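Peer 1: Here it is: the structure, laid out below.
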Amino acid sequence: MNKPGKRSKQGSLNSTLKTLGKRKREIELSRQALREKERMVATLMSNLDGMVYRCRNDAHWTMEFVSEGCHRLTGYHPEELLLNSRISYDQIRHPDDRQRARDEIDASLAAKRRFFVEYRIQCRDGATKWVWERGAGVTDDGDKVLTLEGFIEDITERKLSTQALQQAERSFRSIFENATEGIFQTLPDGRYLNINPALARIYGYDSPAELIASIGDIQHQRYIDPTRRDDFMRLMQEHDVVTNFVSEIRRKDNDQIWISENARAVRDEAGNLLFYEGTVEDVTESKLNQEKLVYLANHDPVTNLPNRLLMNDRLRQMMLSAQRKRSIVAVVLVDLDHFKLINDTFGHNRGDQLLQTMAHRMLACLRENDTVARLGGDEFVLLLSGEGRGEAMSQAAQRVLNVIARPSQIEGRELSVSCSLGISIFPRDGRDVQTLLRNADTAMYKAKELGRNNFQFYSPEMNAVITERLELQTALRVAVENEQFVLLYQPKVDLISGQIAGMEALLRVKDPAGGLLQPQNFIRLAEESGLILPIGEWVMREACTFNKSLQDRGLPAMRIAINLSARQLTRYDLVRAVEQALRNAGLPAEYLELELTESMVMHEPENVIATLGQLEALGVQLSIDDFGTGYSSLSYLKRFPVANLKIDQSFVRELGQDDNASSIVKAVISLGHSLGMKVIAEGVETREQMTFLMENRCDGMQGFLFSRPLSADEFITLLERESRGTDQYSILRQLCSSLGDQSSLQFTGSITGN
Ligand code: C2E
Ligand code: MG
Ligand code: MG
């Protein structure tokens with residue numbers, strides 16, 4: 001049986017036990033939680049990339065605790081570091097950084113702040129690492145720092161990339177500062193964010209700061225043509241980049257320069273425009289060079305007129321505009337007559353001067369928007385725009401003829417040139433540049449044919465003439481290659497002895513049909529094309545050889561005359577060619593005579609005198625042909641070593657019909673004699689003419705009356721007969737000896753009957 005007191009004691013014990021149990025469970029639980037926490041901290045610490053530590057605040061940073069990360073960070077195991085058992089942390093710190101790190105930590109501790117410090121460590125394997133250490137001091141009651149607790153992590157990679165970044169930044173800065181190109185960053189409104197010294201220099205400022213301070217309204221302040229700025233902005237907005245954008249700008253000193261800009265828009269990740277950046281280059285010099293090149297490519301250096309290239313371009317433009325306005329364009333080809341002769345005679349410098357003078361004159365007599373271009377040589381092209389059927393063009397062409405014909409001074413001498421003009425009209429005569437030029441050319445040749453110094457409008461019929469000309473030129477070339485030439489010989493008769501005293505070699509081209517082409521049909525073309533040089537050499541060789549063959553036959557020795565062209569006299573080593581021809585033929589020089597015209601010798605008399613002197617020294621005789629048709633300066637004539645004057649047949653033809661002609665012939669005879677020259681009359685066709693010449697003491701004659709030009713064989717026969725005294729020409733001898741008694745003579749037609 002339970003006593004009540006005993007039962008209550010039992011009850012309180014039970015409850016105490018219960019409480020104890022409960023407490024024990026609680027303790028157990030909190031231990032578990034603590035263990036859990038410790039485990040968690042340990043896990044965390046061992047997984048941390050870095051080292052958690054606690055060390056004494058002493059000279060060695062003696063470690064009391066280091067986490068697992070120690071090994072990964074330093075290569076040492078935690079136990080090797082703990083209590084400096086193998087190495088102290090102070091030894092691990094890089095010697096160069098040791099003191100600084102300590103000073104920084106000490107300073108933070110003294111200020112009761114957490115510390116943050118970066119330095120290098122030397123790992124067990126010798127490698128150097130950058131670490132970042134942060135922590136705090138743990139103090140005793142008296143505020144003395146006993147230990148430090150903190151965390152050290154490897155920042156080598158970050159550090160290296162920062163260093164690389166800094167290095168890059170430094171080198172970019174140096175490029176920026178030292179570049180010769182201007183570099184800028186601007187806000188979209190034009191304000192500068194950043195500019196380099198070169199940009200300031202380009203714009204004429206002493207420093208970037210001065211340039212930035214000066215800027216107000218870029219568009220109007222800088223750009224000569226403010227719309228360029230709009231173009232720039234438009235391109236930028238459309239493409240986010242602008243390349244080689246060239247514009248003319250004004251510098252601080254108001255000088256104008258050309259710059260080339262390259263720029264791009266810089267946007268953030270969301271695509272918002274942050275700023276523009278780019279470069280500026282002073283391209284003034286290359287721009288000017290480029291302009292010069294473009295100018296040179298488009299202009300003729302002698303006259304500064306547009307050249308063919310630019311002329312083509314202008315003509316195209318004018319055609320387009322004429323098409324719209326239903327108007328016309330005239331293409332006028334201007335060719336100076338005999339310019340080659342002037343060039344050859346006076347030299348290229350004088351020739352160029354003449355071209356310049358003519359260019360100025362043409363420009364001055366045309367309207368401002370007409371074009372005068374030079375195609376080369378003595379060829380100019382005028383482009384005239386107009387209305388109607390071209391009456392204004394005729395007037396313009398006439399004006400050009402007039403201004404060109406005005407005399408010019410060259411080397412103190414007055415010289416007159418003329419020109420021939422060919423005109424084609426757009427759209428009537430062609431709708432493209434080539435056709436219009438070709439047709440103007442055709443018309444120009446027509447003008448030359450009609451005696452030069454005139455203008456001709458193109459007509460389709462002209463093409464036939466040109467084709468013929470081209471064919472002739474080709475034929476002439478072929479003739480040169482195949483030596484399809486022949487010489488005819490016209491006797492020259494001595495009017496005193498009545499004997500054949502010489503002969504003139506006259507050139508013919510054998511045409512494939514068997515006929516002979518007359519000089520009037522090919523000499524000019526041969527001169528213009530330069531073919532006269534090889535042809536002339538052939539004539540010289542052939543004439544010398546023929547004359548030598550006559551002498552070899554035992555026929556009376558006499559002189560053979562050949563005709564020279566201006567080109568042969570000026571361009572060509574004439575003396576040497578003559579010498580060679582004589583030597584090859586074995587003909588003594590005294591049996592060769594050269595006929596020159598007045599215009600040939602009067603063009604550059606001083607030079608000609610020298611050449612003629614050399615020829616005379618060779619022993620060759622010189623004659624002035626067609627005397628009276630050109631201009632002669634008597635003072636020069638006197639100085640030329642000329643033996644004979646040949647009175648042109650145009651005067652002889654008029655003898656007896658025109659008193660003037662008779663006076664001229666008489667005057668020439670006495671002039672020639674007074675200069676010590678012999679006078680020979682050309683183209684004597686009638687008895688009356690011959691009688692007049694004899695009466696007036698003319699020395700010799702040449703003409704159909706006595707003989708037409710003969711083939712070599714005919715000429716030989718003639719000479720043989722004469723030397724046998726069996727010729728019919730005794731009549732002439734009679735005539736000569738019975739001078740004054742011609743009435744008894746029945747003398748009609750050509751004596752040779754040829
Ligand atoms: P030119 O030297 O004055 O020659 C005289 C021209 O008058 C020749 O013409 C001759 O046939 C012609 N003729 C001679 N007698 C009479 C006559 O009584 N009445 C008429 N109406 N004419 C007469 P051709 O042979 O046609 O030569 C013409 C011109 O061609 C020559 O004039 C000369 O300037 C040139 N020529 C001829 N051969 C040569 C040559 O080999 N070289 C050069 N450069 N020119 C030449
Ligand atoms: Mg002649
Ligand atoms: Mg003549």
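The values are calculated or read from the model by the stated rules, or taken from the named source; none is laboratory data. The shown structure was predicted, so the numbers you read here are calculated from the model rather than taken from an experiment. All Cβ positions, even for glycine, are placed from backbone atoms using ideal geometry, and neighbour counts span all protein chains on display. Just the protein is used for accessible areas: all its heavy atoms, side chains included, with ligands, DNA and RNA removed. Shrake-Rupley method; radii C 1.70, N 1.55, O 1.52, S 1.80 Å.
Let's see how each residue does on (1) at pLDDT 90 or above; (2) open to solvent by 30 Å² or more (accessible area, probe 1.4 Å):
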position	(1), (2)
Cys419	yes, no
Arg431	yes, yes
Asp441	yes, yes
Lys446	no, yes
Val465	no, yes
Ala475	no, yes
Val478	yes, yes
Asn482	yes, yes
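Peer 1: Got a number for residues in segment 457-490 being under 29 Å from Glu722 (Cα atoms) and either of a type in the set (Val, Ile, Thr) or without any contact (Cβ under 8 Å) to a residue 60 or more places away in the chain (or both)?
Peer 2: Total satisfying the criteria: 2.
Peer 1: Can you give me the ranges of the helices (runs of 4 or more DSSP H) entirely in segment 512-573 with at least 2 residues that are open to solvent by 70 Å² or more (accessible area, probe 1.4 Å)? So that I can check it myself, show each step before the final result.
Peer 2: Numbers: elements: 519-529, 532-552, 566-570.
The helices (runs of 4 or more DSSP H) meeting that bar are 519-529, 532-552.
Peer 1: Ok, one more. May I ask you to list the residues in segment 365-411 that are open to solvent by less than 60 Å² (accessible area, probe 1.4 Å), assigned to a loop (DSSP other than H, G, I, E, B) and without any contact (Cβ under 8 Å) to a residue 40 or more places away in the chain?
Peer 2: Leu366, Asp370, Gly377
Peer 1: Gly142 passes all but one of (1) among the small types (Gly, Ala, Ser); (2) open to solvent by 60 Å² or more (accessible area, probe 1.4 Å); (3) part of a strand (DSSP E or B); which number fails?
Peer 2: The one condition Gly142 does not meet is (3).
Peer 1: List every residue pair whose Cβ atoms lie under 8 Å apart, where the two residues are 6 or more positions apart in sequence or sit on different chains, the first residue falls within segment 18-29 and is in contact (Cβ under 8 Å) with a residue 40 or more places away in the chain, and the second residue, located anywhere, is surrounded by 10 or more Cβ atoms within 10 Å (Cβ to Cβ).
Peer 2: none
Peer 1: Pairs only if they're at least six apart or on different chains, beta carbon under 8 angstrom, first in segment 491-509 and under 19 Å from Met690 (Cα atoms), second among the hydrophobic types (A, V, I, L, M, F, W, C) and part of a loop (DSSP other than H, G, I, E, B); list them, first residue then second.
Peer 2: Taking only residues 6 or more apart or on different chains, the pairs are Pro491/Phe706; Val493/Phe706; Leu495/Cys698; Ile500/Met558; Ala501/Met558; Gly502/Met558; Met503/Met558.
Peer 1: Which of the residues that make up segment 486-501 are buried (at least 19 other Cβ atoms within 10 Å of the Cβ) and within 13 Å of ligand 1 (Cβ to nearest atom)?
Peer 2: Leu487, Tyr489, Gln490, Pro491, Lys492, Val493
Peer 1: Moving on. Among the residues of segment 139-182, which ones are in contact with a Ser or Thr (Cβ under 7 Å, 6 or more places away or on another chain) and either without any contact (Cβ under 8 Å) to a residue 40 or more places away in the chain or within 30 Å of Glu281 (Cβ to Cβ) (or both)?
Peer 2: Correct list: Glu181, Gly182.
Peer 1: Just need a number here: residues in segment 678-694 that are of a type in the set (Asp, Glu) and within 17 Å of Pro491 (Cα to Cα).
Peer 2: Residues that pass the stated criteria total 2.
Peer 1: If you don't mind, there's one more thing I want to ask. Name the single residue that is farthest from Glu595 (Cα to Cα) among those in segment 637-647 being within 16 Å of ligand 3 (Cβ to nearest atom) and in contact with a helix residue (DSSP H, G or I) (Cβ under 9 Å, 6 or more places away or on another chain).
Peer 2: For segment 637-647, the residue satisfying everything is Ile647.
Peer 1: Can I ask one more? Give the residue that is modelled with the lowest pLDDT, with candidates limited to residues of segment 394-417 that are small (Gly, Ala, Ser) and touching a Leu at 6+ places or on another chain (Cβ under 6 Å).
Peer 2: Ser408
Peer 1: Looking at this structure, is Leu582 assigned to a helix (DSSP H, G or I) and open to solvent by less than 20 Å² (accessible area, probe 1.4 Å)?
Peer 2: Numbers: assigned to a helix (DSSP H, G or I): yes; open to solvent by less than 20 Å² (accessible area, probe 1.4 Å): yes.
Answer is yes for this residue.
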